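To start, the structure itself, in structure tokens.
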Amino acid sequence: MATISFDKNVIIREPEAVEKLIEVLLSKDVKPVNRKLASAEAMARGEEVLKRCLSLSKNS
């Protein structure tokens, strides 16, 4: 299932993770998309993993 956008709150608690996120967001170093990683098969695998993670979190 493809989505255009979604709303999800993200909470980052570790200071190192916050610093890394800021570094990435402010980076001017833009890399091209690896088409192999963004293939239809890779996207389908990612969606399945996400569904499993979400179902596990609902049961917790």
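No value in this document is a laboratory result; all are computed from the given coordinates. Owing to the predicted nature of the structure, the values given are computational and were not obtained by experimental measurement. Positions of Cβ are backbone-derived with ideal geometry, glycine not excepted, and every protein chain shown enters the neighbour counts.
Structural remarks
- Based on every Cα atom in the chain, Rg and the maximum pairwise Cα distance Dmax equal 15.1, 40 Å.
- Couplings for the range 36-43, taken from phi via the Karplus curve 6.51 cos²θ - 1.76 cosθ + 1.60 with θ = phi - 60°, read 5, 6, 9, 5, 4, 5, 5, 5 Hz in order; Gly and Pro are left as x.
- FRET efficiency, Lys8 to Ala40 (Cβ-Cβ, R0 25 Å, nearest 0.05): 0.60
- Under 27 Å from the Cα of Lys20 - lysines, other chains or at least 8 residues apart: Lys8, Lys28, Lys31, Lys36, Lys51
- For trypsin sites (Lys or Arg not before Pro), the sites in the range 6-53 that DSSP calls loop and that have at most 13 other Cβ atoms within 10 Å are Lys8, Arg13, Lys28, Arg35, Lys36.
- Here the Karplus curve 6.51 cos²θ - 1.76 cosθ + 1.60, taken at θ = phi - 60°, turns the phi angles of the range 12-26 into couplings of 10, 9, 7, x, 5, 5, 5, 4, 5, 4, 4, 4, 5, 5, 8 Hz, with x standing for Gly and Pro.
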